[in-house]
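Colleague: Got a structure here, written out as structure tokens. Questions coming.
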Amino acid sequence: MYTTDAKRWTRSLKEYARANRKNPTPAEDHLWQELRAHKLGVQFRRQHAIQQFIVDFVCLEAWLIIEVDGSIHNETEQAEYDGGRTHNLQEAGFLVLRFTNEDVLHNTPQVLQTITEHLKLLLLPYQG
């Protein structure tokens with residue numbers, strides 16, 4: 001299982017992840033209800049530590065990360081941070097999908113379709 005190192009987890013990430021799981025945004029909670037319990041045929045984890053980051057949702061089997069972004073992510077400084085974070089996660093082998101809170105809350109079927117399409121591509125057996 002891909003995660004972070006134990007020292008980093010206990011020092012700083014564990015409590016942050018736990019707090020985020022206990023107090024999700026409305027969009028995160030809404031999407032979690034659609035992803036949990038293998039509803040898309042795979043297991044998702046929420047608020048999972050990867051490297052020095054806590055990602056909103058991850059399917060480790062498909063190496064797929066889903067981020068749900070509020071309006072703060074439109075600010076220049078946050079957008080630059082997000083870009084670097086996405087780059088680091090992609091360098092580690094993950095595909096990162098980003099959705100806005102509005103998309104998750106108001107266009108849920110389209111969001112789920114996008115996620116499902118990526119899962120199908122990522123989980124295709126090697127055809128060599």
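Colleague: Using only Cα atoms, figure out Rg for segment 6-122 and give it as a multiple of 2.2 N^0.38 Å.
Modeller: 1.02
Colleague: Another question, then. When the Karplus curve 6.51 cos²θ - 1.76 cosθ + 1.60 is applied with θ = phi - 60°, which whole-Hz ³J(HN,Hα) does each residue of segment 81-94 get, with x for Gly and Pro?
Modeller: Karplus values, whole Hz, x for Gly and Pro: 4, 4, x, x, 4, 4, 4, 4, 5, 5, 4, 7, x, 8.
Colleague: Here's another thing I want to ask about it. Separation between the Leu105 and His87 pseudo-spin-labels, each 7 Å from Cα along Cα→Cβ, expressed in nm?
Modeller: Rounded to a tenth, the inter-label distance reads 3.2 nm.
The numbers here are math on the coordinates, done by the rules we state, and not lab data. Since this is a predicted model, take the numbers as computed values, not measurements. No Cβ is skipped: glycine too gets one built from the backbone with ideal geometry, and neighbour counts run over all protein chains shown.
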